[in-house]
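Sharing a structure here in C-alpha cells format.
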Amino acid sequence: MKKTIALILALCMLLSFASCGAKTETAKTQEPAKTEAPADTKEDAKTETPAEPAKTEAAEPEKTTVTVVDSTGREVEVPKNPQRIVAGWGVKNYICMNINDLIVNEITDKFCLSLDPDLANGGSIKRDGNTTAEAIAELDPDVVVLKWNSKLIPQLEALGIPVLGLSIEDEAEMKHAIEMFGLAFGREDRAKEILDYYDTLTAKAEELTKDIPESEKKTAIFLGQYVGSTAPDTTLQGLAIEQAGGINPAADFGRGELWAQGGMEKVMEWDPEYIFMANHLTSRDYTLESTIEDPANQDLTAVKNGHVYESPCEIDLWMYPTLSIKLGVLWMIHTMYPERLSDAELESIVLEFYKTIYGMDVTREQLGF
C-alpha cells in the first residue's frame, strides 16, 4: 500500500513540472522579438534634409583690353595683343619688342630698315607732308605711339583710337617706356628680358668706375643741339657722363631743360678735359670739325689735347635717348679711362648688345666704330 501511494505522488510531481515548463516556453515564444532598426533609420526624427546645391556665380567675361599708363601719366585702354600698330614716333625704342609684322605704317628710320626692309612698305600717316589724325585713322590701328606732346593725341582719342604718348629723356622714363610697351603689345616677357640686360650694362659700368679716386676723375660735358648748349644731369646724356666715371661741370646748369643754353662762353668757363657730342645722324648747327677748328675754341683744354669726340657708330646713335645710350656710357669709359675698358672688350660688348636687343649679327665694320 505504501509503495502504491509513493508511486502516485511521484507521478503527480512529474505532471506538475511538465506543466510549468510548458507555460514558461509558451511565454517565451509569445513575446515579440526585439529587432534593431538599421543604422540609417534609427532616428527618423533626426533625418537630415538634403543640402541645397551650391550657388555658382556667373563667370565674368574675360577682359579684351589692358590698361596702360603712358609717359604722361595717362591711363590708356589698349586692346590685348594688338595686331595693328602705328609707330608714329620713337620706333627704335620698341622695334626690339619683336613687333615688326604688326607695324602698319611706313617706317623711314634707316637703322630700323636695316633690321627689316619690309618696314618701308607700310601705309603713309602723312598728308601734304604732315602727319595727320585722318591719315592715321585710315590705317585702322589698334594702338598708336606718338611723341608725348603731340597735338594729334586728343584728336585721335576723339576718334576712339588709343594713343600712347612717349617720352624718353631720363633713366626712369626709359625703363617705364620698356615696361609700357611690353604690357601694351603683349610682350611682357620680352620687356623683362630687355630691362634685365639694360641693368646688366649699368652694373658693368658701375663695376668699371667704382674705385676711381675723385681726384682722378675726368671733367666732361656733352654738347647739345645748338652751339654752346649742354646736357644737365637730368638728361640721359648728362647722366651718362657720371655713369662713365666723369664729372659733369654742366650737371646743375639748366636742370630740367632738354638742352641748357649757356653758349660757348659758359663752356670756356667750365673748360672741361673732354667734350662729347652726337654724330652726324642728329640735327645740329655745328660739327666736330667746326668745334675743333674754330679759332675761338683753341684755348679749350679738350681742344688743345685732342679730346673732342663724336659718338662713333655710323648707323646708330649711342648718345641719344634709346637703349643704345648704355653703349655710349661704355664708350665714354673706354675713351676717358682706356686702361679700365679695352677696345677689344668694348667691341665684344657692342656686338653682343645688337644681337641681344635687336637680333642683329653684325661686324664692327658694319656698325662703323
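The values are calculated or read from the model by the stated rules, or taken from the named source; none is laboratory data. These numbers were taken from a predicted model, which means no experiment stands behind them. Backbone-built Cβ (ideal geometry, glycine too); neighbour counts: all protein chains shown.
Which residue out of LEU288, LEU351 is among the aliphatic types (A, V, I, L, M), more than 28 Å from LEU258 (Cα to Cα) and without any contact (Cβ under 8 Å) to a residue 24 or more places away in the chain?
Details: LEU288 fails: more than 28 Å from LEU258 (Cα to Cα).
On inspection, the qualifying residue turns out to be LEU351.
Select from region 87-126 the residues that are among the acidic types (Asp, Glu) and part of a loop (DSSP other than H, G, I, E, B) and write down the one among them that is modelled with the lowest pLDDT. Break it down into steps so the answer makes sense when it comes.
Of all residues in region 87-126, those among the acidic types (Asp, Glu) come to 101, 106, 109, 116, 118.
Narrowing the set further to residues that are part of a loop (DSSP other than H, G, I, E, B) leaves 106, 109, 116.
Numbers: GLU106: 98, ASP109: 91, ASP116: 95.
Top of the filtered list is ASP109.
Every residue, every condition in (1) under 27 Å from the mean Cα position of the chain (by Cα); (2) aliphatic (A, V, I, L, M), yes or no:
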{"site": "ASP299", "(1), (2)": "no, no"}
{"site": "VAL303", "(1), (2)": "no, yes"}
{"site": "ILE315", "(1), (2)": "yes, yes"}
{"site": "SER324", "(1), (2)": "yes, no"}
{"site": "LEU327", "(1), (2)": "yes, yes"}
{"site": "SER342", "(1), (2)": "no, no"}
{"site": "GLU345", "(1), (2)": "no, no"}
{"site": "SER348", "(1), (2)": "yes, no"}
{"site": "LEU351", "(1), (2)": "yes, yes"}
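Scan ILE168, ILE212, ILE136 and give me the residue that is outside any helix (DSSP H, G or I) and buried (at least 22 other Cβ atoms within 10 Å of the Cβ).
ILE168
Anything in region 339-352 that is surrounded by fewer than 21 Cβ atoms within 10 Å (Cβ to Cβ) and assigned to a helix (DSSP H, G or I)? List them, or say none. Even if it seems obvious, please write down each step before you answer.
Just the residues of region 339-352 that are surrounded by fewer than 21 Cβ atoms within 10 Å (Cβ to Cβ), to begin with: 339-340, 342-349, 351-352.
Selection gives ASP343, ALA344, GLU345, LEU346, GLU347, SER348, ILE349, LEU351, GLU352.
Checking the condition in contact with a helix residue (DSSP H, G or I) (Cβ under 9 Å, 6 or more places away or on another chain) and touching a residue at least 60 places away in the same chain (Cβ under 8 Å), which residue from ILE247, ILE241 passes?
Values: ILE247 fails: touching a residue at least 60 places away in the same chain (Cβ under 8 Å).
The conditions single out ILE241.
If you go through region 312-338, how many residues are modelled with pLDDT of 95 or more, hydroxyl-bearing (Ser, Thr, Tyr) and either in the same structural domain as MET174 (by TED's automatic domain parsing) or part of a loop (DSSP other than H, G, I, E, B) (or both)?
Residues that pass the stated criteria total 2.
If you go through region 145-171, how many residues are of a type in the set (A, V, I, L, M, F, W, C) and more than 20 Å from PRO82 (Cβ to Cβ)?
Adding up the residues that qualify gives 1.
Hey, another quick one. Of (1) among the hydrophobic types (A, V, I, L, M, F, W, C); (2) modelled with pLDDT under 95; (3) buried (at least 21 other Cβ atoms within 10 Å of the Cβ), PHE369 satisfies all except one. Which?
(3)
Kindly indicate whether any position in region 222-231 is under 23 Å from VAL267 (Cβ atoms) and in contact with a Leu (Cβ under 6 Å, 6 or more places away or on another chain).
Of all residues in region 222-231, those under 23 Å from VAL267 (Cβ atoms) come to 222-231.
Filter once more, so that each one left must be in contact with a Leu (Cβ under 6 Å, 6 or more places away or on another chain): none.
Checking region 222-231: not a single residue is under 23 Å from VAL267 (Cβ atoms) and in contact with a Leu (Cβ under 6 Å, 6 or more places away or on another chain).
Hey, does region 142-163 have a residue that's among the basic types (Lys, Arg), at pLDDT below 95, over 19 Å from VAL69 (Cβ atoms) and over 20 Å from the mean Cα position of the chain (by Cα)?
no
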